[in-house]
Amino acid sequence: MVKLKRFGWILFIALFLFVLASPQDVLAENQIESTHIKANIGEDGSVIIRDHRIFYAEEGTEHYISLDNLGESALLDFTVYDEQGNPLEDVGEWDIDASFSDKAGKYGINYTGSGIELCFGLGEYGRREFTIEYKLSNFIFNLSDGHQGFYWQFINPDMDPTENIQIDVQT
């Protein structure tokens, strides 16, 4: 009987260690799998940014991109597309307190103290894929030495970690 109990504990510990050592394919809640950003700079100094994201949504009602400290830039246009490339419904000003079902298939702008958030409803949980496209004025600015430049943070420092980020800037 003592040997059987000891064998049971050894088996339990072995199984426990096996589970701990097994590779985990499950992603954490609302983790971003990949982000591919294409920024196309126009002749007038504006930019069209196309941000394609694949992520896993397991909680919450929405996803958003924060644009803080825009300086001289202004949002000129904004659209969100689903997995099939169909545009979601633009609701204008975003209601952060709306329900999961009220946000499904919709997008809008939430105005914050230091900028804006480009928001859209998750629609359903699981693996999600969206393309966020927006146009900003005054992306390019003149420098004191006669040259031009831009200063832009494409990935926010508090964004969920992702190992697959690609950013392309074109003129």
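Bear in mind that the values in this text are calculations on the coordinates, not laboratory data. In this text, all values refer to a predicted model and were calculated from it rather than measured experimentally. Every residue, glycine as well, gets a Cβ built from its backbone with ideal geometry; the counts of neighbours run over all protein chains shown.
Computed from the C-beta positions of Glu129 and Ala74 and an R0 of 35 Å, the FRET efficiency is 0.80 to the nearest 0.05.
Scaled against the 2.2 N^0.38 Å expected of a compact globular protein of N residues, the Cα radius of gyration of segment 40-138 reads 1.08.
For Gln31, the residues 5 or more places off, or on other chains, whose built amide H falls under 5 Å of its own are Tyr56.
Extension gain, His147 to Thr171: 0.36 nm times the residue separation minus the Cα-Cα distance gives 7.1 nm.
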